[in-house]
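Written below as structure tokens is the structure these notes are about.
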Amino acid sequence: MDQEPICPPLALGETISQQLGLFVDTQNLYYSAKDYFSAHLHYGRLLECALRGRQLHQANAYVVARDHPAHGFISKLSHFGYRLHLRQVAIHHQDNGNIILEGDWDMGIAMDIMRALPIFRSLP
């Protein structure tokens with residue numbers, strides 16, 4: 001049985017009155033939890049632990065969808081309060097016959113964080 005993780009207390013300088021922005025790269029977190037810990041990430045619990053009683057201004061979840069997006073996963077993220085950003089996976093065929101799937105959100109997330117800096121007092 002998996003033990004429920006305990007959220008850490010607010011750190012020095014963090015206060016309940018802070019508005020929080022959260023930017024979640026769902027694919028990277030999913031595969032990191034799966035590959036390194038043989039675990040599943042609960043995105044609702046992630047949001048709860050990031051907030052720790054502070055005010056949520058915006059939680060963004062970045063998802064790379066294949067041909068058929070995972071509607072159940074997307075519905076759960078919406079239910080938890082995430083604002084969804086969807087991108088279709090790009091398929092690149094190489095000359096040697098290999099196929100490379102690309103769905104990188106890194107620059108999109110970085111740009112959203114830069115645009116949000118004037119708004120948020122805290123980005124965990």
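The values are calculated or read from the model by the stated rules, or taken from the named source; none is laboratory data. Keep in mind that this is a model prediction, so the values were computed, not measured. Note that each Cβ is placed from the backbone with ideal geometry, even for glycine, and that neighbours are counted across all protein chains shown. The accessibility values were calculated without ligands, DNA or RNA, using every heavy atom of the protein model including side chains. Shrake-Rupley method; radii C 1.70, N 1.55, O 1.52, S 1.80 Å.
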>> So, in segment 26-40, how many residues would count as being within 10 Å of the chain's Cα centre (by Cα), open to solvent by less than 70 Å² (accessible area, probe 1.4 Å) and either free of Cβ contacts under 8 Å to residues at least 60 places away in the same chain or more than 12 Å from Phe73 (Cβ to Cβ) (or both)?
In response: 2
> Residues in segment 107-123: is at least one in contact (Cβ under 8 Å) with a residue 60 or more places away in the chain and open to solvent by 70 Å² or more (accessible area, probe 1.4 Å)?
Replying inline: yes
> Restricting attention to segment 83-106, which residues are touching a Gly at 6+ places or on another chain (Cβ under 9 Å) and open to solvent by less than 80 Å² (accessible area, probe 1.4 Å)?
Replying inline: His85, Val89, Ala90
>> Filter segment 49-66 down to the residues that are buried (at least 18 other Cβ atoms within 10 Å of the Cβ), in a strand (DSSP E or B) and of a type outside the set (Gly, Ala, Ser) and list them by number.
In response: Asn60, Tyr62, Val63, Val64
